[in-house]
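What follows is a set of notes on a single structure, which appears directly below.
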């Protein structure tokens, strides 16, 4: 990995792969490692989230459980993670195929399954996750009868954004989704952009998005920790949709065009796909009904 400064700019040209895994004869890439690390951290965040929610149900509703709360928290997190990983990968892959590169994959359908070669779209991942949560709610109600789709979205939103941060770091290592040319002092020269193009100073737009997601992760965690989601169901997921996809809409102006099905005039496909999610987010925020109880969380 070389990082010399060229005319004051950071030159970035790391290998996309860390090591070749002998048993499967596949290279382990930075993107895959960071993707897995993000989900791992999210897993332990969700264990804490479910443990707190189960404790709240036991204390305020007098709900009794047939197993220790800690064990149930891991049970719910395990089921959630398997479903969310499947929904994310399938949804994000199909989103990329349908929205960004259908012309190619319609001629090479067998390559749709080649997830390891890259090509995941966050908007498709959102749809896949929501569909996965329908199945999760049916399972979770056997343990936590108060669980519903909005509640599951609120709770999942708490642990999601750290994984989003890691994914954008993976994009940075892969030199993909690169920014437009610029002369700002913090510009980065990508030695071999994945989409091609010259090695010129560019906006490190992957880091713009990634560090915003990391900041928002701490914000949403604090909101959940205060228990405000109980007075306003849909508040946390509404904030996530509104802020993440508003930021995504803005950041597209600093990205090289990626083409896609909905690229029109001055709008890129990512911007067109972000608009309905921002609208849904605003609706979730402002339709959230206030409840009678105090916003204080008795368990914090």
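Every number in this text was worked out from the coordinates using simple rules, so none of it is lab data. None of the values given here were measured: they were computed from a predicted structure. Cβ sites come from the backbone with ideal geometry, for glycine too, and all protein chains shown count toward neighbours.
Projection of the Cα convex hull of segment 25-287, averaged over all directions and equal to a quarter of that hull's surface, yields 15.7 nm². In this simple spin-label approximation, residue 48 and residue 211 carry label points 7 Å from Cα along the Cα→Cβ vector, and these lie 2.3 nm apart.
Classification of segment 183-256 by its C-alpha gyration tensor yields a prolate form. The axis ratio a/c (a ≥ b ≥ c) is 1.5 or more, and a/b outweighs b/c.
Compared with the direct C-alpha span, the chain from residue 225 to residue 61 gains 57.1 nm at full extension, assuming 0.36 nm per residue.
For Cα pairs less than 8 Å apart in space and 6+ apart in sequence, what is the mean separation divided by the residue count of segment 153-201, i.e. the relative contact order in percent? Write down the numbers at each step before the final one.
Working: 31 pairs, mean separation 13.8, N = 49.
Contact order relative to length: 28 percent.
Net length available on complete extension from residue 98 to residue 148 is 15.0 nm, with 0.36 nm assigned per residue and the Cα-Cα distance removed.
Spacing of the modelled spin labels on residue 23 and residue 282, each 7 Å from Cα toward Cβ, amounts to 5.1 nm. For residue 40 and residue 275, the FRET efficiency from 1/(1 + (r/R0)^6), where r spans their Cβ atoms and R0 equals 22 Å, is about 0.10.
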